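In what follows, a structure is listed as structure tokens, so that the remarks can point back to it.
The values are calculated or read from the model by the stated rules, or taken from the named source; none is laboratory data. This is a predicted model, so every value here is computed, not measured. Every residue, glycine among them, receives a Cβ derived from its backbone with ideal geometry; neighbour counts consider all protein chains shown.
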Amino acid sequence: MILLKLFWSFFLVGLFSFGGGYAAMPFIQEQVVELNGWLTMNEFIDIVTISQMTPGPIGINAATFVGMKVSGVLGAVIATVGCVTPSCIIVLGLAYLYYRFREIWVIRGALNGLRPAVVALIASAGLSILLTALFNGQVESWLGISLSQMDIAAAVLFAVGVFVLRKFKVNPIYVMMGTGVAGFIIYRFVIG
Amino acid sequence: MEKKKGFRFYIQLFWSTFTLSAFTFGGGYVIVPLMRKRFVEHYKWIEEKEMLDLVAIAQSAPGVMAVNTSILVGYRMAGFPGAFFTIFGTVLPPLIIIAVISFFYAAFRESPAVSAVLRGMSAGVAAVVADAIIKMGKNIVDEKSVFSTLVMVISFLAVFLFDVDVKIIILICALAGIASMLLRRMKHKNNDAGGKSA
């Protein structure tokens, strides 16, 4: 019964969270904190923090965390499955339509408009990530920037990362691991 | 899209999405440049334009961006079984990590060593994303289409500076694309008619 409820709650989260990333947050909060009382508000904030610190989308992270708390590993799996089920159905439907109808001019026109927009959306999200990295989460937009607050070490790591990627075309995962190790040394022993 | 592939291919598909997902800090769009790098540049399985189409489709469906995009990549590569393997690969890393962390999350959250590593890594993630954006932006500009470049610049300003809702941007850009295609078709028709009467 509780498993069914978990599945259904996260099914709704998956179904109604448009826009990706933190757009899903208010909806998860409603389901998990307000309607079902599975987490307290503080626990909910903790899961948001953990989501920022670990890989993985917040929807999946919240589903796993709540599922674990409510009924262990099985709960985590059920909640996660619930969260991705609506996507699977809708996305596969759209994929089918895309490969069937992409030669039709209306669809081609719409996709011509969407392609550059998608690059813009990624660029905007990327800049927010950069701001968060350079200012250690202190500034959210260009308006609040003051260069004196900038984390010089992060700026150097970023610049070296971009240089190595563009010049030597290394696997991005090595860049992330490298900056992780550098971060450990710098923030743990040099600065922190 | 149903294609017969060997077992090794499915494992490769699974492993690609698994490793990408394991390193996708920050969620959402971070995985897109990583997938692009793997599937478009490295394996050359998918063309640049098609990849952007898939991202647009993923964006216009509800749910988790990373999951949606990986479903589409899997489906494109090997139909429904392919989608099954990529979903599995994408969901498994956060599932395992959070399940483990949930046992000792208070200690994890307060550990200075963990936060030092993560702080360094966030600069690395920003570098990876920046590299991908430079390439994708260059590809759009290289199309030498005034329309594409304008759409890119205006959408960027709208979402970054003015915080316009993503859904509205998607809708308007799709309509603008249809309108520009319609204009082009009308022009072609007029030219054809002119050619015939001459």
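The number of residues in region A:171-185 that are modelled with pLDDT under 90, buried (at least 21 other Cβ atoms within 10 Å of the Cβ) and among the aliphatic types (A, V, I, L, M) comes to 2.
Residue by residue through region A:81-112, note down the ones that are part of a loop (DSSP other than H, G, I, E, B) and either more than 8 Å from chain B (Cβ to nearest Cβ) or among the hydroxyl-bearing types (Ser, Thr, Tyr) (or both). Let's see the steps before the verdict.
Kept after step one, since they are part of a loop (DSSP other than H, G, I, E, B), are these residues of region A:81-112: A:102-104.
Hits for region A:81-112 are A:GLU103, A:ILE104.
When B:TYR29 is tested against (1) modelled with pLDDT of 90 or more; (2) among the hydroxyl-bearing types (Ser, Thr, Tyr); (3) buried (at least 24 other Cβ atoms within 10 Å of the Cβ), exactly one condition is not met: (1). Candidates in region A:94-108 are the residues that are at pLDDT 85 or above, within 30 Å of the chain's Cα centre (by Cα) and not hydrophobic (A, V, I, L, M, F, W, C); of these, the one that is surrounded by the most Cβ atoms within 10 Å (Cβ to Cβ) is A:TYR98.
Kindly indicate whether any position in region A:142-151 is more than 9 Å from every other protein chain (Cβ to nearest Cβ), charged (D, E, K, R) and either closer than 26 Å to B:VAL159 by Cα or without any contact (Cβ under 8 Å) to a residue 60 or more places away in the chain (or both).
The initial filter retains those residues of region A:142-151 that are more than 9 Å from every other protein chain (Cβ to nearest Cβ), namely A:143-150.
Filter once more, so that each one left must be charged (D, E, K, R): none.
No - not one qualifying residue is present in region A:142-151.
Which numbered condition trips up B:SER60, out of (1) of a type in the set (Ser, Thr, Tyr); (2) surrounded by fewer than 20 Cβ atoms within 10 Å (Cβ to Cβ); (3) modelled with pLDDT of 90 or more? Among (1) of a type in the set (Ser, Thr, Tyr); (2) surrounded by fewer than 20 Cβ atoms within 10 Å (Cβ to Cβ); (3) modelled with pLDDT of 90 or more, the lone unmet condition for B:SER60 is (3).
The condition (being hydrophobic (A, V, I, L, M, F, W, C) and within 19 Å of B:ILE97 (Cβ to Cβ)) is satisfied by just one residue among A:VAL91, A:VAL66: A:VAL66.
Checking the condition at pLDDT 90 or above, buried (at least 22 other Cβ atoms within 10 Å of the Cβ) and within 7 Å of chain B (Cβ to nearest Cβ), which residue from A:ALA120, A:ALA76 passes?
Details: A:ALA120 fails: at pLDDT 90 or above.
When all the criteria are applied, what remains is A:ALA76.
Okay, residues lined up against (1) farther than 23 Å from A:MET150 by Cβ; (2) surrounded by fewer than 16 Cβ atoms within 10 Å (Cβ to Cβ):
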| site | (1), (2) |
| --- | --- |
| B:GLY89 | yes, no |
| B:SER111 | yes, yes |
| B:VAL117 | no, no |
| B:VAL125 | no, no |
| B:GLY137 | yes, no |
| B:VAL151 | yes, no |
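Just one of the numbered conditions (1) modelled with pLDDT under 90; (2) under 22 Å from B:GLY124 (Cα atoms) is not true of B:SER16; which one? Unmet for B:SER16, out of (1) modelled with pLDDT under 90; (2) under 22 Å from B:GLY124 (Cα atoms): (1).
Among the residues of region A:57-66, is any surrounded by 21 or more Cβ atoms within 10 Å (Cβ to Cβ), modelled with pLDDT of 85 or more and more than 9 Å from chain B (Cβ to nearest Cβ)?
Applying the first criterion (surrounded by 21 or more Cβ atoms within 10 Å (Cβ to Cβ)) to region A:57-66 yields A:57-66.
Keeping just the survivors that are modelled with pLDDT of 85 or more gives A:60-66.
Those still in the list that are more than 9 Å from chain B (Cβ to nearest Cβ) too: A:66.
There is at least one residue in region A:57-66 that is surrounded by 21 or more Cβ atoms within 10 Å (Cβ to Cβ), modelled with pLDDT of 85 or more and more than 9 Å from chain B (Cβ to nearest Cβ).
Against the numbered list (1) part of a helix (DSSP H, G or I); (2) over 30 Å from B:HIS42 (Cβ atoms), B:VAL164 comes up short only at (1).
The residue list A:ARG115, A:ARG166, A:ARG188 contains one member that is surrounded by fewer than 22 Cβ atoms within 10 Å (Cβ to Cβ), basic (Lys, Arg) and either touching a Pro at 6+ places or on another chain (Cβ under 6 Å) or farther than 20 Å from B:LEU20 by Cα (or both), which is A:ARG188. Here B:SER155 meets each of (1) exposed (fewer than 13 other Cβ atoms within 10 Å of the Cβ); (2) closer than 10 Å to A:ALA117 by Cα; (3) not aliphatic (A, V, I, L, M) with one exception, condition (1).
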